[in-house]
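Engineer: Can you read through this structure? Questions will come right after.
Just so it is clear, none of the values below were taken in a lab; they were calculated from the coordinates. Please read these numbers as outputs of a predicted model, since none were measured by experiment. Methodologically, a virtual Cβ is constructed for each residue, glycine included, from the backbone with ideal geometry; neighbour enumeration extends over all protein chains shown.
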Amino acid sequence: MNDSLLKLAISLCSNPGVYALLLGSGISRSAGIPTGWEITLDLIVKLTRLLGEDMGVDAEGWYQGKFGRTPEYSGVLEQVATTSAERNALLRSYFEPNEEEREQGLKLPTPAHKAIASLIKHGYVRVILTTNFDRLLESALEEQGIIPDVISTDDALTGALPFVHSKCTIIKLHGDYRDTRIKNTLEELAHYSRELDNYLDRILDEFGLIVCGWSGTWDIALRNGILRCPSRRFTTYWTSIGEPREDAKSVIEHRHAEVIQIDNADKFWPNVLDKVLSLQELQPLHPISTPVAIATTKRYLSEEKYRIRLHDLISEELEKVYSQFSSARFDTHGQNVDNSEFQARMHSYEAICDTLMGILTTISYFDTGSNAYQLTQCVERLIEPPRSDGFGGLIGLQRYPALLIAYAAGMTSITAKHYEHLASILITPKTRETNKTYPAIYHLNVWEVFTHNTYKWVPRPNAQKEHTPANQYIHDLLRDCVRPYLPNDTAYQSAFDIFEYLLALTYIDLIRDETDRDWGPIGCFSWRYRHYGAEAQSSPIDEFLSEGIAQGQNWELLSAGFFDGSIERLQSVRRRFDSFLAKVRESKGTM
């Protein structure tokens, strides 16, 4: 099943809206919804009680003997309930839950209905063929905020919206329980109207098909409709509990259908949804949106009249990012989380924040200072994790988007010597925890994001043997993002190392009142330049600081607010951190 299920998930993910679902009574069985024939037999029981007769064990035989005809749903219903109001009330009792049934979860949307509704909400399915009379799928869709276009009679076909204009179209081939014209007997199920046949032919020709909960035995007109369709443009998937029946096998053979053995619909459809959404997470989101957003940002920065538009652009993208990574798919309560699941979560975060990161690197490089506050707002918004309980590694990873933005925009700020923007990333942002406000940098570093040794889980071949694998992964990941501003690889590496070193110094400077220890987040520089001092070499970090210190109090880094504008304070913090770094190197990386 796993291979077939994955193939089906890939088909849905790769071809959104191309597959129609054919749902039978099996989809609603766990909800306690009876079939049309079961309702007819129960109505016959009620009729015998009204007449005071004993039908024995054969309800259908009794009815034929009594009335000289095959029992039909609408005919029996009229005999049991004479008025329209009585008939309507009687039918509702079969399909709508009373208080006791609601408490038991009966006659309510099942996990299968809810999963299908989610697939529809995400645009993977738009057309549903069903032989069911109930409205469980409609209820599940309404919970998702979707009102489907429902076709349950030939009259409704006339004014039906074209598929392309409908978010979801449900075709109830045998009717709706609120309309007594539902099809139920073998004679009624043997033929459809010409209008419905033509409509069905079009769907079967233009769409792939996923069949679930339908045996293919009793619904002769539907079976014939599938058999007369010559097209096999897309794969047909047929779910079956056990061996398909002979009537079903003829349809399966005709459509060259791929049979998927399942336990039940309530397990199958949530599994399909989970696989499709997992595949979606691995795909880059809107691949052309980032270049367009960057070009738009540049245009808005060029003239003051676009100031409000730029603010709205950033705010909308920020909220889009936050709403996605705070959604249920990023739940932190996973049990037995392994490195592959962790890496998949990382890639999802990367895809989600790609466009926002492009916008903010553009601002940090080209803006003259009036929009620096936007960087602060983005960091503060994303540094607050939506969830605070569950697996610690996933809780910390929630801050990964904020970390990526800080690194990318921080490097471009350094490159452009826009230290006000750098300060808006490292100094100004605040976060609140246990009713106390902290500098956001307390969490805005690799060692807070990759907790519980998950820094060894990053997708690098030799991560377990590296001292700073998460830092190096971010270094490689952001290369293309920053390339327009740092085309030279050596210059890029220098900017990366300078940013990490300044982040460490700023951390010690701002967190000094929270802890007495001189701990600071180490980065790639910790090992890249470990032999430079002994060999009388100067690292890019040394050169950067030496050039700045030579400018004295006029150095723009100090003017932007770093180290309270004091060279002496900078040098003091640096001595503290370098002392700590030396101890780390001596202990071969043991933190």
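Engineer: For mean projected area of the Cα convex hull in nm², the listed values are (1) 24.9; (2) 35.0; (3) 29.3; which was obtained by calculation from the structure presented?
Structural biologist: (2)
Engineer: Filter the cross-link list LYS267/LYS456; LYS107/LYS320; LYS7/LYS249; LYS298/LYS436; LYS46/LYS172; LYS275/LYS320 down to pairs whose alpha-carbon distance in this structure exceeds 29 Å. Let's see the in-between values first.
Structural biologist: Values: LYS267/LYS456 34 Å; LYS107/LYS320 36 Å; LYS7/LYS249 21 Å; LYS298/LYS436 38 Å; LYS46/LYS172 27 Å; LYS275/LYS320 23 Å.
With Cα atoms farther than 29 Å apart: LYS267/LYS456; LYS107/LYS320; LYS298/LYS436.
Engineer: Another one. With θ taken as phi - 60° and the coefficients 6.51, -1.76 and 1.60, list the Karplus ³J(HN,Hα) couplings across segment 396-411 in order, rounded to whole Hz; mark glycine and proline as x.
Structural biologist: In residue order, the calculated couplings are x, 5, 4, 8, 4, x, 5, 5, 4, 5, 4, 5, 5, 5, x, 5 Hz.
Engineer: Another question, then. Where in segment 323-347 is the amide nitrogen less than 16 Å from a point lying 7 Å along the Cα-to-Cβ axis of HIS452?
Structural biologist: 330-346
Engineer: Assuming R0 = 56 Å, what is the FRET efficiency of THR83 and ASP247, from their Cβ-Cβ distance, to the nearest 0.05? Spell out each step's value before the answer.
Structural biologist: On the way: r = 39 Å, r/R0 = 0.70.
About 0.90, to the nearest 0.05.
Engineer: Taking H as built 1.01 Å from N, whose amide H comes closer than 5 Å to the amide H of THR431, not counting residues under 5 places away?
Structural biologist: HN-HN under 5 Å from THR431: TYR438, ALA440.
Engineer: Let me ask you something else. Report the full-extension gain for the segment ASP155 to SER566: residue separation times 0.36 nm, less the Cα-Cα distance, to one decimal in nm.
Structural biologist: Values: separation 411, 0.36 × 411 = 147.96 nm, distance 8.15 nm.
This chain segment gains 139.8 nm when fully extended.
Engineer: Ok, one more. What angle do you read, to the nearest 10 degrees and between 0 and 90, between the alpha-carbon axis of helix 111-121 and the longest principal axis of the chain?
Structural biologist: On a 0 to 90 degree scale, this one is about 60.
Engineer: Between THR368 and GLU586, what FRET efficiency follows from the Cβ-Cβ distance if R0 is 51 Å, with the result rounded to 0.05? Mind dumping the intermediate values first?
Structural biologist: Numbers: r = 45 Å, r/R0 = 0.88.
So, using R0 = 51 Å, E works out to roughly 0.70.
Engineer: Before rounding to the nearest 500, sum -39500 (n - 2.57) across all DSSP H runs of length at least 4 in the chain and divide by the residue total; then give [θ] at 222 nm in deg cm²/dmol. Before the final figure, lay out the partial values.
Structural biologist: Numbers: 29 runs with 322 residues, N = 591.
Roughly -16500 deg cm²/dmol at 222 nm, from the helical runs in the chain.
Engineer: Can you give the net charge of the other residues whose Cβ lies under 14 Å from the Cβ of THR70, counting K and R as +1 and D and E as -1?
Structural biologist: Details: positive: LYS66, ARG69, LYS183; negative: ASP58, GLU60, GLU72, GLU187, GLU188.
Residues close to THR70 contribute a combined charge of -2.
Engineer: With an 8 Å cut-off on Cα pairs and a minimum separation of 6 or more residues, tell me the relative contact order of the chain in percent. Show your work: numbers first, answer last.
Structural biologist: On the way: 819 pairs, mean separation 59.4, N = 591.
Taking the mean separation of contacting Cα pairs over the length of the chain, I get 10 percent.
Engineer: So what are the ³J(HN,Hα) numbers for segment 560-568, from phi and the Karplus equation (6.51, -1.76, 1.60; θ = phi - 60°), rounded to whole Hz, Gly and Pro as x?
Structural biologist: 6, x, 5, 6, 6, x, 10, 5, 4
Engineer: Amide H to amide H, which residues 5 or more places from ALA20 or on other chains are under 5 Å from it, using H placed in the peptide plane?
Structural biologist: For ALA20, the qualifying residues are GLY208, LEU209, ILE210.
Engineer: Just to confirm my numbers, what's the Cα centroid distance between segment 482-508 and segment 207-275 in Å?
Structural biologist: 57
Engineer: Label-point separation (nm) for GLU433 and GLU99, each offset 7 Å from Cα along Cα-to-Cβ?
Structural biologist: Here the modelled spin labels are 4.9 nm apart.
Engineer: Could you work out the relative contact order of segment 284-586? I mean the mean sequence separation of Cα pairs under 8 Å and 6+ apart, divided by the number of residues, in percent.
Structural biologist: Numbers: 368 pairs, mean separation 45.5, N = 303.
Relative contact order, segment 284-586: 15 percent.
Engineer: Listed highest first by mean packing, meaning other Cβ atoms within 10 Å per residue, what order do 38-47, 138-147 come in?
Structural biologist: Working: 38-47: 18.3, 138-147: 15.5.
Order by mean packing, descending: 38-47, 138-147.
Engineer: Suppose R0 equals 56 Å. What FRET efficiency, 1/(1 + (r/R0)^6) with r the Cβ-Cβ distance, do ASN554 and GLN464 give to the nearest 0.05? Don't skip to the answer; put the middle values down first.
Structural biologist: Values: r = 47 Å, r/R0 = 0.83.
In this case the efficiency is close to 0.75.
Engineer: Can you list the HN-Hα couplings for segment 476-490, worked out from phi with the Karplus curve (6.51, -1.76, 1.60; θ = phi - 60°), rounded to whole Hz and with x for Gly and Pro?
Structural biologist: Whole-Hz 3J(HN,Hα) from phi for segment 476-490: 6, 5, 8, 4, 5, 4, 9, 4, x, 9, 9, x, 7, 5, 5.
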